1. Pick out the one residue from Ala62, Ala22, Ala28 that is open to solvent by less than 20 Å² (accessible area, probe 1.4 Å) and over 29 Å from Lys93 (Cα atoms).
2. Could you list, in sequence order, all residues of the range 177-202 that are modelled with pLDDT of 65 or more and open to solvent by 100 Å² or more (accessible area, probe 1.4 Å)?
3. Got a sec? Which strands (runs of 3 or more DSSP E) wholly within the range 579-647 have at least 3 residues that are over 22 Å from Val726 (Cα atoms)?
4. Just the residues that are part of a loop (DSSP other than H, G, I, E, B) and open to solvent by less than 20 Å² (accessible area, probe 1.4 Å), please, taken from the range 494-518.
5. Restrict the check to the range 551-571 and report whether at least one residue is hydroxyl-bearing (Ser, Thr, Tyr) and in contact with a Phe, Trp or Tyr (Cβ under 6 Å, 6 or more places away or on another chain).
6. If you check Ile717 against the conditions, is it of a type in the set (Val, Ile, Thr) and either part of a loop (DSSP other than H, G, I, E, B) or under 30 Å from Trp509 (Cα atoms) (or both)?
7. Here is a list of conditions, (1) more than 21 Å from Ile449 (Cα to Cα); (2) modelled with pLDDT of 95 or more, and Asp233 meets all of them except one; can you say which number that is?
8. For residues in the range 256-265 being under 21 Å from Thr439 (Cβ atoms) and in contact (Cβ under 8 Å) with a residue 60 or more places away in the chain, which is most open to solvent (accessible area, probe 1.4 Å)?
Amino acid sequence: MEDLVANLVAIGIVEKKAQEAAGNKKLAATMVDVLNEAGVPPCEGSAGKLIYFAATKFPGNALTHRPMLLKYIVEGKLKSDPMVLGALEYLGKVGTEAVDVDAFESAGGVGVETTAEQIKEAVTAVIEAKRDELLEQRYKVNVGLLLGDIRKQYPFGDMKLAKEELEAAQLDLLGPKTDEDLKKPEKKKAPKEPKVKEQKATAEPEAPPPDPYKFFPAPNENNKVHTEIHFSDGEIWRPKNSPAKLKEHLEKTGGQIWTRFPPEPNGYLHIGHAKAMHVDFGFAREYNGVCYLRYDDTNPAAESREYIDHIQEIVKWMGWEPWKITYSSDYFQELYDFAVELIKKDKAYACHQTGDEIKASRETHTDSPWRNRPIEESLRIFEEMRDRKWEEGKVTIRMKMDMKNENMNMYDLIAYRIKHMAHPHAGDKWCVYPSYDYTHCIVDALENITHSLCTLEFESRRASYYWLLQSLDTYLPYVWEYARLNITNTVLSKRKLNTLVTEKHVSGWDDPRLLTLSGLRRRGAPPLAINKFCASVGITRNENMVGMHVLEYFIRDELNQTASRTMVVAHPLKVSIANAPSGGVQTITSAPPIGPKYDVTFGQTVYIDKNDFREDDDKDYYGLAPGKTAMLRWGYPIKCVEVVKDAQGEVVELKCEADLARAIKPKGVIHWVGEPAPGVEPIKAQLRLYNRLFISEDVNACADWLKDVAPDSLVIIDGAYVTAQVAEAPVRSVFQAERVGYFCVDDDSTPTAPILNRTVTLKEDLKVQAIKKQ
C-alpha cells in the first residue's frame, strides 16, 4: 500500500487522494496494473493525472487496448481530459476488436491544436448569440451551458481559458454585479399537472448506443436455425441455410450487409417510416453495406404513380441513397414460376371459396373442399387465370400450409388472386397478382437480403415466411422484428390518417399537424432532426409511447444551430419616433450569430409587438412602458413618452424618443419591423401557429378518437409584419423569428402575401416542463 501511495504521489496525485485509492481494493489493483502498463513513475507534466483519470474511466470491454491509450498519454499525444474521454469513447465502441489508429486518433483529437484566438472568437460568438438572454437574466445565466456551446465547437480546447474569457465578456457586457445579481433566485414550484401514464422522456434524450446494430449477426453467421415451425400433426421444421446455400449467397453479396426499405406505394410516408428508413438504410450505412428501395407493389387497386413518386422524393429528402430502386412487380415472372413449382410439389392449390367462406373455414380450422384436388387440375386453372379466363373472385391460388395450426398465419394463405386491371408499374401484362405474404419473403431471397427487418406486428408471420422459402428451397434471410413507433398526441395508422384527410379534419396529407413526412417537411422540420430522433428511440423490441416533446426537442435543437434569424411582429403596435431622421429611413444591417445578415429600416414609424408594451411597469418587466426605455434589436434605445388610445380605450400608438447616440444601455431588448419607406406599410404575412392535433396523449385509447381533435391545433394570425428578407425567401426556408419561434415559408406563400408555418416554439412549454418534473 505504501509503495502504491508513493507512486501515485510521484505522478502528481495529491497524497490524500492517493491514500483513498490505495485503500480501495478494486481501485488499488487497477492502479498497480495501470502504472505497470504505463511504465510510470516517472512521467512529465499532467500525464500522471491523466493516467489516473483514464484508469478510473476505462471501459471494461476494451481492457486489451489500455496499454495503447496509456502510451499515447505518456508520449503527450493525449494531453487533456476531453482528449482522453474522446479516446475512451472510441475504445468502448470497439471493445476487443482491432483498433483503427486513424479513427482512434481522430476521436481523441490527437494533433488537434486549438489556439487562444479561436477560443476568444468562439466566446464572442456565444455572447452575441445569447445577448438577449444575458441582458435579461444577467449573471443568473448558467455559464456551464455557454461553455457547452464552446465545447461543441472546440471539444479539445482549453475550457479553463474559455471560462475566463466568458466571465470577462460577461463583465464587459453587463458591468459589475449589482445587489440584485447577488440575490439567490427564489425556488418556484412547478404547477401540478395530471400524471402521465406513458413512459417519461427527458428534455434532452440520452444519446443512443454508439452502434445500435451490433447485436445483429454478420452475414457469414446466417447458418443457424431461424425459427421452429410446429405443425398440428406434431411435425417440426427448423429452417436454416445449408453451407452450400450460404456460400452461394456470400459469393453474390461479397459478404456485405444487404438490406431493403420496402414500402407499399399505397399512401404517404409518416414518421414511422422514417424509423424504418433509419433501421434499414442506417444499418447498411453503418457497416458499408447496401440498401434497396423496394416497392412492395402487389395490389394495383390501391397503388398509384403518385405514391411511387412521393416515396422516392421523401427518401431522398430524408438523406438516404438507395443502392438500387426495385419493384416486387419486377419479379412477377419469377413469382409466377415459383407458384407453379409449389403446385407441382403439392404445396399449393386452386381454391374457389369466397372471402367469407375462407374466413369461416379459418375460424373452424376446416380445410377447403378443393385442398386435395389433383395437381394437374390446379396447374390448368392457374394457367387459365393468367389467360384471363376467370372472373375476379371466382378462384385463388392458396398455399397448402396447416389449417389446424395454432398460428393463424399458417391457415393456407392466398398466394395469387385475379384483378382485371392495369398495374401502375408493370402495365397491363398481368391479371393475376401475388399477395404480400407470398411475395415479400420470396423477393427478399431473390435480392439476397441479409437482414429482413420489420416491426413486431409481423412477428407471427415468421412461420409462414420461412415455410414458403423452405418449401421452395431458397436462401433464407435473417428476420428480426423491432417495436413500431408510437408518439403521443397523434395517430400513425394509415386508416386513421386517411380518415383525417378525406373527412377534411386536416387540409391534406401534407398538413403540418400530421406526422406524415410531407407534413413535417411543410412544417419546416429538418430531416437531420427527424433522423436524430429516430436514432434516440432505438430499435429495441420494447413497446412504449414517446412524448411529442422529444421530437420537438430534436427539431428545436437543430434549428437553433441552422435557422437564419429574422424579426417578425405578430401583433403590431405602431410606434412613432419624434426625433427619427425625417424624409427617409435609415437602413440598419443586422449581425445575427447564425445565418446571413439582413437589413431593417428605421424611420419615424416602426412597429413592435403589443406584448412588448405595458401600461403598468414593474421591476421584472423589460419591455416598454410609459417613461421607460427599451432597446430595439439591432437599432436604438427608445423611450415611451406618450400613449395614444382609441375611443374604446385600447392602446393604438406609442410616441417615443430614440437615443440616437446609443448612450443608454437598457436591459430590455425588443424586436420590431419598420416602414420600408415613409408612409409605406411593412409587408403583411399570415402566421399559422400549429399545435398538437389531439388533446389526449394516447389517442388510440379514445372511444371516439375524432372527437379528440384539438380545436386549437391551428391558430391563424393575419396581419403580422415581416422583413423583406422573409418575404423574398424561397418556399420551405426556415427562420428563427427572434423571441417568437421557428417558422417555415409555406408552399402557398408569395412575396406579396407571405405565409409562415410555425415549426416549433423557441422553448418547451411550461406544461411539458411540469410533466417531466413529476
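1. None of the other options fit; the residue is Ala22.
2. Within the range 177-202, Lys177, Asp179, Leu182, Lys183 qualify.
3. In the range 579-647, 629-632, 637-645 are the strands (runs of 3 or more DSSP E) which contain 3 or more residues that are over 22 Å from Val726 (Cα atoms).
4. Val506, Gly508, Asp511, Pro512, Leu514, Leu515, listed by residue number.
5. yes
6. Yes: the conditions hold for Ile717.
7. Of (1) more than 21 Å from Ile449 (Cα to Cα); (2) modelled with pLDDT of 95 or more, only one is false for Asp233: (2).
8. Glu264
The values are calculated or read from the model by the stated rules, or taken from the named source; none is laboratory data. Computed from a predicted structure; not experimentally measured. Counting neighbours? That spans all protein chains shown, and the Cβs are built from the backbone with ideal geometry, glycine included. Calculation scope for accessible area: heavy atoms of the full protein, side chains included, ligands and nucleic acids excluded. Shrake-Rupley method; radii C 1.70, N 1.55, O 1.52, S 1.80 Å.
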